[in-house]
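Notes follow once the structure below has been shown.
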Amino acid sequence: MKTRIYFFLLGGLIVLASCQNERTAVQKPEITENSVDIERVEPPNWWVGFKNQQLQLLVKHSNIGKAKASISYPGVSLDKQHQAKSPNYLFLDISIDDATTAGQFNIVFTTEDGSELKHTYELKSREKAAEEYVGFNSSDVVYLITPDRYANGNPENDIFENLNEKTINRKDDYARHGGDIEGVTNSLDYIADMGFTAIWSSPLLTNDMYKQSYHGYAMTNFYEADPRFGTLQEYRKLADEGRKRGIKIIMDQVANHCGLEHWWMKDLPFEDWVNHQKNYEDNIKDWNWQKTKFSNHRRTSNQDIYASKVDREGMTDGWFVDAMPDLNQRNPFMAKYITQNSIWWIETLGLGGIRQDTYPYPDKDFMSDWAGAIMTEYPNFNIVGEEWSYNPLLIAYWQDGKKNVDGYDSNLRSSMDFAMQQTVVNALKEEETWGTGLVKMYEGLANDFAYPRPLDIMVFPDNHDMSRIFTQLKGDISKTKMALAYYLMMPRTPQIYYGTEILMEDFKKPGDHGLIRTDFPGGWQGDSINAFTGEGLSKDQKDMQSFLKTLLNYRKSSKAMQEGATIHFAPKDGIYALFRMDGDEIVAIILNKTKVNSLSTKTFEEIGLNGKKVKNVITEVQSDWQDIININPNGVTLLTTKMN
């Protein structure tokens, strides 16, 4: 009996000791001083509370590859470490369980000689629930900005001697001009007053290239704001101040390529980190465009059921330009890196969307996984992909929910409507015949049957890569108003490029990128013209600015324009009418390419406007919808049943 009691007590002591040890094991380590022995760890921090509990860290340090890593933090486990071909990389697979709380811990790297290197890593608490990350949608109008050309809020950050491009020259269309994040932040009141509800800025991350770094698309560090644009804190301030004004921030990201001066191009971790890597490494000492294996740009090979293997690979694997190495998303470490980078920026800035550059160029299976990973974490978020195609079937292929023959599902809510952009311009420029002119717009919109959700497709009059809409329409102000009004009335998510509101143009060199991205007047101290205040603008510029401001602000509160049902009527005698309807609100747009100033409404009886009071959206003049109504000759008329 005594023996049994002894073993019982002994067993109890063992269990008690074990529990005490477990409680000791789950205590958070006290970090009294941050350790930064390691050259680079990316992502630089992470968060607790994601659905996907896996995290992969890229570790870059001299001869780190053979080091043994260890982590001691409750809820965090180091599952596996991977060596790369380069001895200067290590990839760590980490699991973060549901019970993990925010805090800091040291990752300890024990080298072959027994010495230790430490890096303090932080897991943060998420600032808001995943469902609260609401992306842009058809209720928004997106203002596209090229930040280097918009406003210089801080001239002190124009030049950094440690970066490769060290000059500012506003007379050179392809040099840096000095616009920055602070300039955009300072302009938020103007942007909000105009009626825009989202900002898409071209990339703001570091582009340490020797020339033409201003546009931002040749990134050399995916986790750093370019200091010539500002700091990470200033980027976050832009997002915070935008939210206060009801403005979402859409980040322009690039999964397809990086800049040639990216830090990893000097020490690539694997043999297949970028496409055609051997060709680059064999010619690195005298690299130029002649040595580059370019993409064939045959974007239809993504959908073409007859496409050859050589065409598919030529499209996906070729470099966009010689200064932009093509990233290989089929490498699982690269794939994880890109996806985590996107999520890191969403959390860090509280983004309201992503615009993904050159969407058809990366590996399309990866792009589906990438978009799927983001939308799984943020179910109310939105991503728009750039598919520069004039074929609605190709645009529709990329929209989530499209029943594609090959079974492909992109997980992408929005694609860009280059088809309707071009169709509207051509229709307004063409002579009116049975098969040309406004009928092209009518037939173009009829292609919406191809889209799972037309409202999510992003339409635009122009952007940073094409001639200004005013130039495309040969300087015709009336047709420019017609185009803008129609884009804003379509069942779409509209985007407007900065300067459209003041008739910015590129007549001297149509299509020239540097000229298209002209400085916004008033964004620099000493500018003789100031579009923010109206000082120095011509009568036509002020009129266009007022027209667009009035229309945008009406649309901001118009459920009919944002998400209403759409009915349009075949153009007749140079006049085309389209209606958007939601409950009691009906909005009509009438495009008139003739000199007549009145219109019979008999054709539109099914809309149910007879005898109702309507108001001109632009002039606010009220009238009754009768058998004959007045319309603007050679212009656009916008009428609404909404009186306030």
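The values are calculated or read from the model by the stated rules, or taken from the named source; none is laboratory data. In this text, all values refer to a predicted model and were calculated from it rather than measured experimentally. Quick reminder, even Gly has a Cβ in these numbers, built from the backbone with ideal geometry, and neighbours come from all protein chains shown. What goes into the accessible areas is simple: the full protein's heavy atoms, side chains included, and nothing from ligands, DNA or RNA. Shrake-Rupley method; radii C 1.70, N 1.55, O 1.52, S 1.80 Å.
Listed values, structure above:
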quantity: Of all DSSP beta bridges in the chain, antiparallel share, percent nearest 5; calculated: 70 percent
quantity: Estimated FRET transfer efficiency when R0 is 30 angstrom, pair SER478-GLU585 (beta carbons, to 0.05); calculated: 0.65
quantity: Using a Förster distance of 56 Å, the FRET efficiency for SER77-PHE160 (Cβ separation, nearest 0.05); calculated: 0.85
quantity: Packing-based ranking, highest mean first, of 337-350, 174-187 given that Cβ atoms within 10 Å are counted; calculated: 174-187, 337-350
quantity: The stretch 264-409, accessible surface, carbon-and-sulfur percent (1.4 angstrom probe); calculated: 53 percent
quantity: Estimated 222 nm signal from helices in the chain, with DSSP H stretches of n ≥ 4 weighted -39500 (n - 2.57), rounded to 500; calculated: -7500 deg cm²/dmol
quantity: Projected label distance in nm at ASP322 and LYS124, using a 7 Å step from Cα toward the beta-carbon; calculated: 4.1 nm
quantity: Dipole of the chain [Lys/Arg +1, Asp/Glu -1 at C-beta], most positive-end residue of LEU551, TRP273, LEU639; calculated: LEU639
quantity: Relative packing of 206-216, 29-39, which averages over residues the other C-beta atoms within 10 Å, highest first; calculated: 206-216, 29-39
quantity: Per-peptide average of other Cβ atoms within 10 Å, ordering 112-122, 84-94 highest first; calculated: 84-94, 112-122
quantity: Accessible surface of the stretch 186-259 [probe 1.4 Å, protein heavy atoms]: carbon and sulfur percent; calculated: 49 percent
quantity: Charge dipole (debye, nearest 20) of the chain; +1 at Cβ of Lys and Arg, -1 at Cβ of Asp and Glu; calculated: 960 debye
quantity: Cα centroid separation, the stretch 27-52 to the stretch 352-386 (Å); calculated: 27 Å
quantity: Furthest towards positive pole of dipole, SER213, SER35, ILE96, structure part the chain, Cβ charges; calculated: ILE96
quantity: Options SER623, TYR408, ALA255, ranked by Cα towards positive dipole end of the chain, top entry (Cβ charges); calculated: SER623
quantity: Accessible area (Å², per residue) of the chain, counting only protein heavy atoms and a probe of 1.4 Å; calculated: 43 Å²
quantity: Members of LYS402/LYS593; LYS479/LYS556; LYS440/LYS509 lying beyond 26 Å, as alpha-carbon distances in this model show; calculated: LYS402/LYS593; LYS440/LYS509
quantity: Per-pair calculated FRET efficiency, R0 = 22 Å: ASN52 and GLU131 via Cβ, rounded to 0.05; calculated: 0.85
